[in-house]
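Here is the structure we will look at.
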Amino acid sequence: MPKNVVQYDLLISCPGDITTEISIIEDAISQFNTQFSDTLGISVRTKHWYKNSYAQSGGKPQALLNEQFVNDCDAAVAILWTRFGTPTDEYGSGTEEEVEIMLSSGKQVFMYFSDKPLSPSQMNEESYKKVQAFRDKYKDRGIYFTYSSDEEFKTMFFAHLSQYFLSKEIVAEVKGERHSELKIVGIDQTQHISDEAPIISFVPNTEMTISKYLEKIRTLFDDISAIKLEKRVELPKKIAKYTLAFNKPVEISEDERKIIYSVAEKLNINITEDFFILGNLSQSSIPTGIMGGYSLNGTDAEEEKYDTIKKLLKTISKALEWAPVENAFSDKKCLKLALQNCGTDIDEDIEISLRIPKNSLLPINEFPKFNNDEMGYLLNDCNMSELFGICSTSTYSDYDSSIVTSRRFSPRVSTPSIFPGYTSDYSDDFESELSDVFCYSCFDEGEEYIVKLKFDYIKHNTTIAFPSIIFINESFKSIPYTITSKNSPEIVSGKIKITDDTLI
């Protein structure tokens, strides 16, 4: 799950004789981030000349370092031992200048002086005197500590780091900077976000509609009519008897012709006498392959015409299956809503409550009714979560993107009965599928329905659509709502205005 944290930059300032302490600091920062980054949203990263500086011309070395990263750091840790460092234009060393920059900006400085044992060969008396003078400069300000071993420094630094970055002031600062800001928005007919929620005509999320099926059927009629074939050549009886043992003529059955004639009549399409002529197309009587298929024998035109007629029959069948579904919802209106986080932090465990007038909401138990075959078609041939869902666009994500454990489920498919003449009862599976797709809890309260919905989480500056459209019976003026969440101490109350685009 994505996390949003406030990042603090910690400057490491020290001369060249400080080495092991740098590794100790990096390890302490890593430990701190592991413990507190996720829980408190605080993260610290280090800045040091050896890893953050880059070649740049046009200025003094220290001034360039200050510009590159020193000035932007939120705090600093300065460590000195025997060396004081290289003088700058204004200060005795780069470390001294960096410390003064941080202190003059009112920023936190962790200052340490090492009292670890030192061999005489490592001592530079003049440089060490400068370190001692620097130490005396701050002795009355109580801002530095001493240590005599790496282990002591490690314990001391992690304690000071934690005390500062876990102080009430810093935690309050983080909470002030990071907060979610949740509200309900609408989605209009052009799939754009709106502060108002328009009531729109329901259009199922499917590539094929009745109008597209009819368009495809007309095109197939034209394609078939355009393929002109001669009538089958009658073979002499002796040759025909031998030929039929291996190949039989291919014809369109009488039942299939009746279906095509019936559709053509309803669409005012004229079918000529040669529409079903397939020339000398034949089918092998010997199965090809282990699947038991039979190969066609004929010219390219003969095979193309036969395949196109079969495609026409299949398209007619699909259109007849889809028509009751589209007709059932053709006059329905709906709302598309989304949850929007305009804040700077993620939020989790979100529960939304909507108040909708009873006469305006169409609950699941009042949905159009389908016969058993139609329910079977919806279960086995349609993806109802897509049919009634709200798909992602460039401006908002779909509901499943907010779910930690995806609710994606395979459409329920009922296995046909093994008993001849018996048809499976799809009603229970169909009701369960509807409940999965329209995963709202609906409660009766006086003149209103209380509709509840949960989101696992939502990222900052993100909009996530509701799991499905909400069917509407009648127009109304607004939806009052409340939102509770893990990261918001107060209940968010709001109201989204409702308009009716179907009246325009």
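A few remarks follow.
- Given (1) at pLDDT 90 or above; (2) surrounded by fewer than 19 Cβ atoms within 10 Å (Cβ to Cβ); (3) among the small types (Gly, Ala, Ser), index of the condition Ala76 fails: (2)
- Single residue of Ile350, Ile316, Ile356 found to be of a type in the set (A, V, I, L, M, F, W, C), surrounded by 17 or more Cβ atoms within 10 Å (Cβ to Cβ) and not assigned by TED's automatic domain parsing to the domain that holds Ser397: Ile316
- Taken over the stretch 428-485, the criterion of being β-branched (Val, Ile, Thr) and assigned to a helix (DSSP H, G or I) is satisfied by Val437 alone.
- Selection of first residues in the stretch 370-394 that are polar (S, T, N, Q) and of second residues that are exposed (fewer than 15 other Cβ atoms within 10 Å of the Cβ), restricted to Cβ pairs under 7 Å at least 6 apart or on distinct chains, gives the following pairs, ordered by first then second residue: Asn372/Thr423; Asn372/Asp425; Asn380/Val413.
- Tally, over the stretch 413-449, of residues that are surrounded by 15 or more Cβ atoms within 10 Å (Cβ to Cβ), of a type in the set (S, T, N, Q) and either modelled with pLDDT of 95 or more or under 29 Å from Pro480 (Cα atoms) (or both): 0
- Tallying residues that are in a helix (DSSP H, G or I), more than 30 Å from Glu302 (Cβ to Cβ) and of a type in the set (Gly, Ala, Ser) within the stretch 194-226 yields 1.
- Residue match in the stretch 49-63 (condition: at pLDDT 90 or above and surrounded by 17 or more Cβ atoms within 10 Å (Cβ to Cβ)): no
- Checking the stated criteria, Ser394 turns out not to satisfy the condition of being under 27 Å from Ser194 (Cα atoms) and not in a loop (DSSP other than H, G, I, E, B).
The values are calculated or read from the model by the stated rules, or taken from the named source; none is laboratory data. Remember, it's a predicted structure, so these values are computed and weren't measured experimentally. As a convention, Cβ positions derive from the backbone with ideal geometry for all residues, glycine included, and neighbour counts pool all protein chains shown.
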